[in-house]
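Structure record follows, encoded as structure tokens.
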Amino acid sequence: MTILRRFCATLVGMVLFLAGLLKLMDPAGASLLVGDYLRFFHLSFLTPASGLFAEVFALLETLLGAALMCGVWKRAVNVICGLMLIFYTLLTAVLWILNPAMDCGCFGEAIHLTHAQSFFKNLVLLALLAIAALPFRAQFKPRIMRLVSFSITSVAVLGFAGWELFHLPLEDFGDYAPGKELMKEGDEHPGGAPLYFYDESGEYCNDILERGWNLVISVHNPERMGRRGWEAVSALCDDMPEGVEPVLLLATVPWRVEELEVPESLRPHVCFADRRQLISFNRSNGGATLIHGGFIAAKWARRDLPSKDELKRLSSGNETEAMMQFTNASRFKFQAFLLGMFAIMLLL
């Protein structure tokens, strides 16, 4: 019975840990999701704090999952996890009944579940947690190694969350991930999603990205770019390698370009797009995306903008080679981090 209870606690802990970590890896996406929930429940006045809510809930989920796997403070952790899962179950029941056109976001962009699937997933987790938690009289104080493993995991998770606030997700599961192809009009089997933008005259010009190499700088919140942000983007566009054309996408309207103090050198490259679509395209405000013939080869956050030499190296071959060069390192880092965390929590 003890082995069964431990197995159930570990299984629930793994699900919660992964669900929370995937949201911590994509704070901008998690913020959009929380904003959708707030609007659905007519709490739009709270949307300015959606990023904070998303980060807190994701951290809570991750650390509770770690506590379950490490076996620390069993009674308190089981009670908190039970209350949280009951809340999630009721929430997904409401979504299943009303069926709004939104994703549950349980696992970020990595796994998409229907509202019914989310509801039954939460019921199963509740049942497993009940097996793991009852009876309460069998709870023990944590041993020192369990506390050590939980402490190490917690510090690592907090560091991971802090790092992801300023960089792109180590593993991109979205429709605009490197390796995806932008959907063109008439495509029957698109690899990704469409990206629509227009010039100052109001004419759509997204077919620009179907020709040659383009470095797309996407700014979903121009008001927050600041002088340094514009200077960094301007320096990048002014020193572009031969054969790579810059495109600057702004989530604004043409008559606000001067008001936003966009540098004169960037204005010939400016086009305009929807804010939410630009957040989906590149999570970083002022981030860069390298595209060849509609194929997404690489992405950078504003803090990690590429050098001229890096762009030249990536654009010197074909787009698939560029994508493989770019994505392998970040994917390996995420997988190594995940395996390391599981090893610490389950083996210590």
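The values are calculated or read from the model by the stated rules, or taken from the named source; none is laboratory data. Being a predicted model, the structure only gives us computed values, none of them experimental. All Cβ positions, glycine included, derive from the backbone under ideal geometry; neighbour counts span all protein chains shown.
Taking segment 303-324 only, how many residues are outside any helix (DSSP H, G or I), surrounded by 12 or more Cβ atoms within 10 Å (Cβ to Cβ) and at pLDDT 90 or above?
2
Could you name every one of the strands (runs of 3 or more DSSP E) located completely within segment 231-295 that has at least 1 residues being over 25 Å from the mean Cα position of the chain (by Cα)?
The strands (runs of 3 or more DSSP E) meeting that bar are 244-250, 270-272.
Kindly provide the set of residues from segment 64-115 that are β-branched (Val, Ile, Thr) and closer than 27 Å to Ile144 by Cα, ordered by number.
Within segment 64-115, Val72, Val77, Val79, Ile80 qualify.
Sort out which residues of segment 111-122 are surrounded by fewer than 18 Cβ atoms within 10 Å (Cβ to Cβ) and of a type outside the set (Gly, Ala, Ser), and write them in order of number.
Listed by number, the residues that qualify are Ile111, His112, Leu113, Thr114, Gln117, Phe120.
Identify the single condition in (1) more than 17 Å from the chain's Cα centre (by Cα); (2) more than 19 Å from Leu128 (Cβ to Cβ); (3) surrounded by 19 or more Cβ atoms within 10 Å (Cβ to Cβ); (4) among the charged types (D, E, K, R) that Glu55 does not satisfy, given that it satisfies every other one.
The number of the failed condition is (1).
Only one residue in Glu231, Glu223, Glu245, Glu200 is in contact with a Phe, Trp or Tyr (Cβ under 9 Å, 6 or more places away or on another chain), among the acidic types (Asp, Glu) and free of Cβ contacts under 8 Å to residues at least 40 places away in the same chain, so which one is that?
Only one candidate passes the filter, namely Glu245.
Being exposed (fewer than 15 other Cβ atoms within 10 Å of the Cβ) and over 18 Å from Arg39 (Cα atoms) is the filter here, so list the residues in segment 88-110 that pass it.
Of everything in segment 88-110, nothing turns out to be exposed (fewer than 15 other Cβ atoms within 10 Å of the Cβ) and over 18 Å from Arg39 (Cα atoms).
Could we say that Leu215 is without any contact (Cβ under 8 Å) to a residue 60 or more places away in the chain and of a type outside the set (Lys, Arg) here?
Criteria not met by Leu215.
Being modelled with pLDDT under 95 and surrounded by fewer than 13 Cβ atoms within 10 Å (Cβ to Cβ) is true for just one of Asp199, Asp207, Asp175, Asp187. Which residue is that?
Matching residue, one of Asp199, Asp207, Asp175, Asp187: Asp207.
Restricting the search to segment 249-302, which residues are crowded, with 20+ Cβ neighbours inside 10 Å, over 16 Å from Pro27 (Cα atoms) and basic (Lys, Arg)?
The answer is Lys299, and nothing else.
Evaluate segment 325-348: report whether one residue or more is more than 20 Å from Asp26 (Cβ to Cβ), assigned by TED's automatic domain parsing to the domain that holds Glu231 and surrounded by 19 or more Cβ atoms within 10 Å (Cβ to Cβ).
Checked against the condition, which is being more than 20 Å from Asp26 (Cβ to Cβ), assigned by TED's automatic domain parsing to the domain that holds Glu231 and surrounded by 19 or more Cβ atoms within 10 Å (Cβ to Cβ), segment 325-348 yields no hits at all.
Of the residues that make up segment 305-325, is at least one touching a helix residue (DSSP H, G or I) at 6+ places or on another chain (Cβ under 8 Å), under 21 Å from Val219 (Cβ atoms) and hydrophobic (A, V, I, L, M, F, W, C)?
Scanning segment 305-325 turns up at least one residue that is touching a helix residue (DSSP H, G or I) at 6+ places or on another chain (Cβ under 8 Å), under 21 Å from Val219 (Cβ atoms) and hydrophobic (A, V, I, L, M, F, W, C).
Given the conditions (1) in contact with a Cys (Cβ under 7 Å, 6 or more places away or on another chain); (2) at pLDDT below 90, report the number of the one that Leu95 does not fulfil.
Just one mismatch for Leu95, condition (2).
Applying the selection to segment 210-243, what residues are over 17 Å from Ser284 (Cβ atoms), small (Gly, Ala, Ser) and surrounded by 13 or more Cβ atoms within 10 Å (Cβ to Cβ)?
Hit for segment 210-243 is Gly212, nothing else.
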